[in-house]
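Working notes, structure below.
The values are calculated or read from the model by the stated rules, or taken from the named source; none is laboratory data. Quick caveat: nothing in here was measured; it's all calculated off a predicted structure. Here the Cβ positions follow ideal geometry from the backbone for every residue, glycine too, while neighbour counts run over all protein chains shown. Surface accessibility is based on the protein's heavy atoms, side chains included, excluding ligands, DNA and RNA. Shrake-Rupley method; radii C 1.70, N 1.55, O 1.52, S 1.80 Å.
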Amino acid sequence: MCAVNDEVEDCPTLLPCWALLPSAAWYHVALWLDLPSLRSFMLSCKPCSEALRPAPEFRAAWLDNLAHVFPRDPVLQEREMSHPDTNTHIRFLALTPDGTKAVVSHLDKLLVWDLCTDTCAATLLGHAGEVSALAASPTEPLAVSGDASGQVLVWDLGTMSRRAQLAGHIGAVKAVAMTSCGKKAISAKNDTTLKVWDLEGGTCTAVLEGHTGDVVDVQLTGDGQCAVSIGCDQTLRVWDLGSNQCRHVLPAVVDRITSKKSFFIRGNIAASIAWVTPRSVVTVWDMEAGVPLRELVHNFRSWTSAVWLPGGWELAVGFDDGCVRVWDVQTGECRAVLEGHRYFVRCLAAPPSAGPRSRACFVSGSVDHNLCVWGVSEDGRWQRRAVLTGDACTTCLAMSPGGRYVVAGDERRRLRVWDLGARGV
């Protein structure tokens, strides 16, 4: 074979020689040629030195020979936004219902970015401590945020102003959630209680008590009639917001709950996830009857993140081996094992409303600095539709309604946006 820096015209036919390469060499070749499709098959191999990259003309000739064997992922143009007054990474990210604005947190303030003009539309001030929770209404231009001092603030994203300050918490607010109509919110603090708020009057209408450990997360059902909370007392509790009474107490293993969301609700189904040595266990609950339906188990790998997929009962779960597993929670079937990251999956995001199933369904972010866009082909197979490359670890992730735009915050304090519809992904 020819040397790396030889002239392309002097090289013999390249493709037949590749059949003689050992498996480890395939990864090196993929790195030289910058082929994600080939490189994903060699995730266990260590990358070769940057100095071994071939001359540009030699690399171009090899790409021409292999274009039909290993097609390249679509290259999508990204837009970057950053604010000069921020000195910390983006911790929380929420999109408005129309997908035109993004609300992000930096310590004790929120920035509202206009995704149409790539400009900062407003800086929302008022928190006395670091923002520790953020939620946006799925139908109204409203957001609710909580901080480490116990404050809960309601924001009008239409006028870019503070609508109300909800007082009453002592200690850090761990989670907030809003009803779809934007009239009611619920917050969990770093003790054993939850508070239900009337957002129009700015008053606390109920205090929900029953947990014997810190309440660390809370979510609302789609109709806003029930709330589901999880605490360090190892219980998942279902609350009737009409009577403000606890309807069911479900056992739930809580592990590393302070750093990641560990339960997910859709309809009358709740799925709680935990690492129970030596396996990750997804327990599926019927919240109406208060009984477990089934357990989904993956041995020897720790889960890292999860998200409901739009338009069905599929739950995508990321793991520390860089894979994403898609489970049907109704049947317990593992629909797909998606391999595309070199290191563990840090975050997942799916659009709040369903788009065509042949289009992008969800996005995964990893500490390898890349995002993978996953979708379902016309024949029903899961496949990677694009790789969104980066130079920093993604800290939070969101998709717009319909799944056209991907918005990510990273450790370099930037907000990055990709238009998946521009290339038909």
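Brief remarks on what is shown
- In terms of packing, defined here as the mean over residues of other Cβ atoms within 10 angstrom, the peptides 215-221, 281-287 line up highest first as 215-221, 281-287.
- Where LYS183, LYS174 fall by accessible area, highest first, once all protein chains stay in place (1.4 Å): LYS183, LYS174
- Listed by chain and number, the lysines placed with their C-alpha closer than 28 angstrom to that of LYS261 are LYS101, LYS109, LYS174, LYS183, LYS184, LYS189, LYS195; residues fewer than eight positions away on the same chain are left out.
- If the chain linking VAL207 and ARG163 were pulled fully straight, counting 0.36 nm for each residue of separation and taking away their Cα-Cα distance, it would gain 13.7 nm.
- Here the label points at PHE300 and THR331, each 7 Å from Cα along the C-beta direction, are separated by 2.7 nm in the simple model.
- Take the Cα of ALA392, step 7 Å toward its Cβ, do the same at GLU130, and the gap between the two points is 1.7 nm.
- Separation of the GLN383 and ASP240 label points, Cα + 7 Å toward Cβ, nm: 5.0
- Sequence ranges 116-123, 345-352, ranked by mean other-Cβ count within 10 angstrom, highest first: 345-352, 116-123
- Sorting TRP313, TRP303 by accessible area puts them as TRP313, TRP303; the probe is 1.4 Å, largest comes first, and only protein heavy atoms count.
- Rounded to the nearest 0.05, the FRET efficiency derived from the C-beta distance between ASN268 and ASP233 at R0 = 30 Å is 0.80.
- Translational diffusion of the stretch 234-306 was estimated from the Stokes-Einstein equation, with Rh taken as the Kirkwood radius over Cα pairs; at 25 °C and 0.890 mPa s the coefficient is 191 µm²/s.
- Of the accessible area of the stretch 157-212, computed with a 1.4 Å probe over protein heavy atoms only, carbon and sulfur atoms account for 45 percent.
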